[in-house]
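> Have a look at this one.
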Amino acid sequence: MFWKRTLTVVVSLPTLLYVLITLPPQVVFTLFWIASMVVTFEFSRMFYLPLVEKFCEKAEEPHQYSRFFVVVLCALYFFLVTQLAFPVVSLLLLLIFLDIFIHFSIKSSPEFLVAHVLFSFVAIGYCCLPWILLWDIYEKAPGAKLLLLLLVIVMASDMGAYAIGSLFGKHKFAPLLSPKKTWEGFLGGLASGVIGALLYNYFAQALPGHWIVVVFCALGCSVMAAIGDLVESSFKRFSRVKDSGNILPGHGGLLDRVDAIVFTVPFFHFIIYWL
């Protein structure tokens, strides 16, 4: 398992840097679009049926493809917002209302309809909107400098939390959601996220202004990354699965790798919006 995880990182990290720095924006957009659909599909496979079963005694047979319809909705939403500048909120509501209308027309039970609409909202907010924000961050600076700063913070925080937690972790952070996480690891993640951000920004000058801005941004992103990891752990515990998928050897699904970014990107986007 360790060697699989290491090999995946060794292969994927240079590939990611090559994609973000050298490939044209049209290709990067296509990859973001595909990634958002993969994440939505993994989330639907993991979370849809357990959620429906909480509302209905069993999943209704006519709606076995409803979760795939949500993946299509998310893909359409991503494209219309990023490429045609459709308004985010009104388009979201229109697509949800379309979803409700279609399921009314096929005579869904009220219980199933509530579960399906709830999942649609969560899927768009959790799996689609973060990728729209990532695309906006990518476009804001040449050479994807801002996006790379976000990735540096998340990866440094993750590695620091793992290293410090493994070596010195004694006090449990959230035992019900993730028994292996400790306060020592959490604090190590904060420190390593700040150090990584300061080093990267010193050379890349991604964030202008005083170094305090970089520290604040790194601390906020590191906290949100830890929360994102716990939230996905709660989704997996609710669904009684170990991983969201198996697309990345040793790591699970793509959602297992970007769960921290899902929560950091709104905070990071908010910070750079005001700079």
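The values are calculated or read from the model by the stated rules, or taken from the named source; none is laboratory data. Remember, it's a predicted structure, so these values are computed and weren't measured experimentally. Cβ sites come from the backbone with ideal geometry, for glycine too, and all protein chains shown count toward neighbours.
> Glu111 versus (1) in the same structural domain as Thr40 (by TED's automatic domain parsing); (2) surrounded by 13 or more Cβ atoms within 10 Å (Cβ to Cβ); (3) modelled with pLDDT under 95; (4) within 23 Å of the chain's Cα centre (by Cα): which is the lone unmet condition?
(4)
> Could you pull out the residue among Ser178, Ser157 that is in contact with a helix residue (DSSP H, G or I) (Cβ under 6 Å, 6 or more places away or on another chain), modelled with pLDDT under 90 and among the polar types (S, T, N, Q)?
Ser178
> A follow-up question, please. Kindly provide the set of residues from region 186-240 that are small (Gly, Ala, Ser) and more than 25 Å from Lys172 (Cβ to Cβ), ordered by number.
Listed by number, the residues that qualify are Gly196, Ala197, Ala204, Ala206, Gly209.
> Search region 160-182 for residues being under 21 Å from the mean Cα position of the chain (by Cα) and surrounded by 20 or more Cβ atoms within 10 Å (Cβ to Cβ), and hand back the single one that is farthest from His269 (Cα to Cα).
Among residues in region 160-182 that are under 21 Å from the mean Cα position of the chain (by Cα) and surrounded by 20 or more Cβ atoms within 10 Å (Cβ to Cβ), the one farthest from His269 (Cα to Cα) is Lys181.
> Among Ser157, Ser222, Ser192, Ser233, which is the only one that is surrounded by fewer than 21 Cβ atoms within 10 Å (Cβ to Cβ) and either in contact with a strand residue (DSSP E or B) (Cβ under 8 Å, 6 or more places away or on another chain) or small (Gly, Ala, Ser) (or both)?
Of Ser157, Ser222, Ser192, Ser233, the one residue that is surrounded by fewer than 21 Cβ atoms within 10 Å (Cβ to Cβ) and either in contact with a strand residue (DSSP E or B) (Cβ under 8 Å, 6 or more places away or on another chain) or small (Gly, Ala, Ser) (or both) is Ser233.
> Does Pro179 satisfy the criteria of being part of a strand (DSSP E or B) and assigned by TED's automatic domain parsing to the domain that holds Leu275?
yes
> Let me ask you something else. Take Ser166 and decide whether it is of a type in the set (S, T, N, Q) and under 30 Å from Phe216 (Cβ atoms).
Yes, satisfied.
> Can we say Thr264 is within 22 Å of Phe43 (Cα to Cα) and either free of Cβ contacts under 8 Å to residues at least 12 places away in the same chain or polar (S, T, N, Q) (or both)?
So Thr264 fits the description; yes.
> Follow-up question, since we're still on this one. Can you say whether Asp136 is surrounded by 15 or more Cβ atoms within 10 Å (Cβ to Cβ), out of contact with any His (no Cβ under 7 Å at 6 or more places or on another chain) and not small (Gly, Ala, Ser), as far as the supplied structure shows?
When the stated conditions are applied, Asp136 does not pass them.
> Let me ask another. Under 19 Å from Glu232 (Cα atoms), outside the structural domain of Phe263 (by TED's automatic domain parsing) and surrounded by fewer than 22 Cβ atoms within 10 Å (Cβ to Cβ): is that true of Val117 in this structure?
Spelling it out, it is not the case that Val117 is under 19 Å from Glu232 (Cα atoms), outside the structural domain of Phe263 (by TED's automatic domain parsing) and surrounded by fewer than 22 Cβ atoms within 10 Å (Cβ to Cβ).
> Scan region 231-261 for residues that are over 20 Å from Leu31 (Cα atoms), over 12 Å from the mean Cα position of the chain (by Cα) and touching a residue at least 24 places away in the same chain (Cβ under 8 Å) and jot them down.
Correct list: Ser233, Ser234, Phe235, Lys236, Arg237, Phe238, Ser239, Arg240, Val241, Gly250.
> Which residue out of Ala123, Ala191 is touching a residue at least 40 places away in the same chain (Cβ under 8 Å) and in a helix (DSSP H, G or I)?
Checking each option against the conditions leaves just Ala123.
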